[in-house]
Structures are given as structure tokens and as C-alpha cells.
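Let me begin by presenting the structure, written as C-alpha cells, before commenting on it.
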Amino acid sequence: MNRLSIRARLTLLYAGSVLLMLAVASLTLRVVLRDGLEREFQRAQLATIALVQNQFVVELEEYPAVDSAATHLVGEVLFPDRQVSLLDPTGRPMSHPRRLSGVVLSPPLRVIEAPLNPSLAPGWTVRVTHSADGLIRSTRRLDRGLTVGIFVSAFLAGLVGWWLTGRTLEPVGMMAHAAEGIQASRPSERLPITDPSDELGRLGLAFNDLLDRLERALGQQRQFLADAAHELRTPIARLRSQLELAERPGSAPLTPEAIAGLHSDLERMAMMLDELLQLARVDAGERTLQPARLFVDDVAHEATAAWRAAAERRGLALEFEVPEQEVPLAADPVLLRRLIDTLLDNAIRYSSSGGRIEVTARAEGGYAVIDVADRGIGIPEDERARLFERFFRGRLGRQRAPDGSGLGLPIAQWIAERHGGRVELLPREGGGTVARVTLPRAMPPGE
């Protein structure tokens with residue numbers, strides 16, 4: 001079953017609300033007016049009795065006998081919608097030969113009695129019989145008028161509500177039509193905003209901001225895939241060429257140097273695929289922190305010891321400076337070790353033989369700070385911030401180590417940010433670079 005449109009529902013709600021308010025107001029008005037008509041009817045009866053009582057006093061001046069005055073008064077007091085009777089002390093009504101007999105009162109009838117004049121005519125009573133038919137007809141006319149007015153007003157309110165909701169929801173229809181036309185081939189299109197200051201305008205601005213973020217994410221994804229394909233193309237091409245040469249009839253067997261080159265290309269592809277998988281998990285939000293209480297100096301010392309052999313093969317001295325005090329930290333030990341490994345790998349890769357790499361860990365206030373300082377090729381200032389972009393590699397870095405992937409520092413920065421910290425690349429006095437990691441010693445909220 002299809003639900004009504006928002007416009008129809010708002011119109012029905014508006015018309016129903018108006019109908020309910022008019023019904024309550026009309027009911028209140030009817031009670032007030034009906035009470036006023038009833039009071040007016042009662043005042044008319046009482047006024048008739050007062051008139052008869054006053055006229056009786058006048059009649060007594062002309063007819064001293066009460067019977068004669070009463071008989072003459074009955075013949076004088078005539079009304080088209082009520083009858084006046086005078087009852088003697090025995091309850092017998094007085095009559096007059098000239099009294100009109102053709103007055104017929106329509107039911108229902110209201111009867112009211114009062115003493116004629118206790119001092120001048122003790123025991124005599126005035127009876128007024130009044131037809132309530134006029135009161136009932138007036139009440140019915142009032143009810144019909146109010147009922148017709150209620151439904152006509154509700155109908156007009158529905159028409160006005162339909163027009164108003166149409167005007168109000170018109171920007172929504174425009175935005176929906178524009179949204180249907182937005183495609184991946186035209187990601188720059190945006191929703192039209194008629195009035196950015198109202199609620200619908202703010203909603204449209206929020207959607208446009210979301211579309212901007214999605215466009216940037218799609219652009220990054222396309223660039224990510226293109227860069228990944230470019231980086232993997234070279235080692236794959238070398239592997240293919242080596243295998244094609246080995247498969248040719250009469251070709252010489254692969255030399256140890258060629259086999260070592262194949263192993264190097266495979267290791268590079270394996271490392272890159274591992275980094276790509278790590279970034280894919282980061283983007284998907286699958287990798288969650290598993291914090292534990294640890295000591296930063298212990299993790300940094302273990303990482304330094306693990307990379308010392310690689311540093312010695314390149315003719316580098318790799319040393320860890322033991323801090324005077326331990327540096328406790330709440331962090332994910334696996335991710336923290338990966339972060340330090342990445343910085344040590346870069347320091348070894350981009351340092352010249354005979355150089356020195358120094359690793360330190362210390363506490364500064366509420367933060368743990370790790371420095372990996374080298375005497376390598378350094379980083380130009382205009383490239384320092386871009387090194388945290390995926391696949392970006394500086395000019396000197398490409399010359400020094402062409403087999404790099406440009407994914408290590410983005411992963412390191414993500415690890416630091418997940419812990420509420422940051423990674424900075426600072427110039428070192430005398431040449432080289434200091435890779436500094438600053439992490440809060442307490443985990444950020446929500447981790």
C-alpha cells in the first residue's frame with residue numbers, strides 16, 4: 001500500500017488541525033450563544049409577568065373589584081407567541097368574551113407562574129405560557145451556520161495548506177531532481193539552494209558538503225588505484241621479462257644475481273601489497289585499536305635492535321639512547337611498533353654510508369615523544385608536508401631509493417592520529433632529518 005506524499009500528509013494534518021480548532025471554537029460559541037438565547041427567553045417571560053402585574057394595578061383604578069379588573073385585563077393582554085392567564089384563588093382561569101381564540105402556540109411550551117399581587121389580589125396567580133419553538137429554530141439555525149462554516153473553513157484551509165506545502169516543498173523537489181542527475185561521470189554537479197538560511201537550505205548545503213567530500217574521496221581512490229598500478233607495473237614487468245628470457249630455448253640458466261633481483265622485486269611487491277591492504281583496512285574502518293599499558297622506551301629499544309643489522313649492512317651506526325626515566329604509554333603495541341619500524345626503515349634507506357642514526361624516547365608533560373634522527377639526504381621544505389600523501393615521494397628520495405612505495409609515512413601518520421598524536425618531519429641542524437612522533441600518554445576518548 002502506497003503511503004500518501006508528504007505534501008498530502010501535511011495538507012491533511014493542517015486541515016485536520018484547523019477543523020479541530022474550529023470545532024472547539026464553534027462548540028464554545030454555541031454554548032455561549034445558546035445560553036444567551038435561553039436567558040433572553042426567560043427575560044421575555046418575566047417581562048410579560050411584570051407587564052401584567054403593572055397593568056393589573058391600573059385596571060383596579062377603573063374596576064375596583066378584583067374579578068372585574070382581572071377579566072378586563074385578560075381581554076387586553078394579547079401576544080402572538082404566548083398566552084397570559086389569570087388564575088383565581090381556586091385555580092380557575094379567568095376569561096373575556098373579546099379574547100382572541102385563534103392563537104395557537106407551537107410546542108414545546110414553557111409555563112411560568114407568579115403571584116398577581118399578594119397585597120391587592122391575594123391568592124391570584126399570573127400564568128404565562130410561552131412557545132419555545134422560536135428558541136429551538138434559532139438554535140437550529142445557529143447549529144447549521146456553525147457546521148457549514150466549520151467545513152467550508154476546513155476545506156479552504158486544505159486548499160491553502162496544499163498551496164503552502166507545495167511552495168514550501170518546491171526546493172525539495174528541485175533538489176531531488178538535481179540529485180537524480182548526479183552521476184559518477186559528472187561528480188561536480190550540486191543541489192540547487194534557493195535560500196541557504198532556512199532549514200531546507202541548510203539541508204541542501206549539508207548534502208552539497210557531503211557530495212564535496214565524496215568527490216574528493218572518489219578522486220583520491222582513483223589516484224590511489226592509478227598510483228598503485230603504476231608502482232606495481234615496474235617490478236611485474238621485470239619479473240615477466242626475466243621469466244620470458246629463462247623460457248627461451250637455449251637460454252642460459254638464471255644467474256644468482258638475476259635470482260636475487262627476482263627476490264628483491266617479489267619482496268617489494270609483497271611489501272607494497274601489505275601496505276595497500278593496511279590502507280584499505282584503514283579506509284574501511286576495519287582496523288581498531290587494541291590498547292595496552294606499555295613503555296615507549298622498551299618498544300623503541302626493541303625496534304632499534306631489530307634494525308641494527310640492516311643498518312650495519314649499509315655502513316650505518318644505529319643507536320638508542322636509554323632515557324633516565326621510563327616512559328609509560330597506553331597504545332596499541334603492534335601499531336606502535338609498525339610506526340617506529342617505518343621511521344627506522346626510512347632513516348636507513350635515505351642515509352649515506354658512515355652516517356649515524358639516533359633514536360630517543362622521552363616524556364614531555366602528558367605526551368610521549370619519540371625521535372628518529374639521521375644525517376641523511378634531508379627533505380626540501382616544499383616537500384615536507386606532501387610526504388604524508390599516499391604514493392608521493394620527493395625528488396631526492398626517488399634518486400636515493402627508487403624502489404620505495406610512498407606509503408610508509410601515510411600509514412605512520414594514520415597510526416599516530418589514531419592514538420591522538422602526530423608525526424612531524426623536522427630539519428636537523430647540520431643536515432639530515434628528525435622524524436618526531438608525539439603521542440598523548442592517555443588514550444583519546446572513544447578509543
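The values are calculated or read from the model by the stated rules, or taken from the named source; none is laboratory data. Fair warning: this is a prediction, and the values are worked out from it, not measured in the lab. Cβ: placed from backbone, ideal geometry, glycine included. Neighbour counts: every protein chain shown.
Observations on the structure shown:
- For segment 325-334, a residue qualifies if it is over 17 Å from GLY366 (Cα atoms) and either loosely packed, with under 14 Cβ neighbours inside 10 Å or aliphatic (A, V, I, L, M) (or both), and exactly one does: VAL334.
- Residue check, LEU135 over 30 Å from GLN53 (Cβ atoms) and either assigned by TED's automatic domain parsing to the domain that holds LEU22 or at pLDDT 75 or above (or both): no
- Residues (polar (S, T, N, Q), in contact with a Lys or Arg (Cβ under 9 Å, 6 or more places away or on another chain) and buried (at least 23 other Cβ atoms within 10 Å of the Cβ)) located in segment 340-359: SER351
- The one condition in (1) at pLDDT 85 or above; (2) charged (D, E, K, R); (3) crowded, with 16+ Cβ neighbours inside 10 Å that ARG99 fails to fulfil: (1)
- Residue check, PRO196 without any contact (Cβ under 8 Å) to a residue 12 or more places away in the chain and not in a helix (DSSP H, G or I): yes
- Some residue of segment 357-370 being touching a strand residue (DSSP E or B) at 6+ places or on another chain (Cβ under 6 Å) and over 18 Å from GLU424 (Cβ atoms): no
- For segment 196-215, the criterion of a residue being of a type outside the set (Asp, Glu), surrounded by 11 or more Cβ atoms within 10 Å (Cβ to Cβ), closer than 21 Å to TRP414 by Cβ and at pLDDT below 70 is satisfied by no position.
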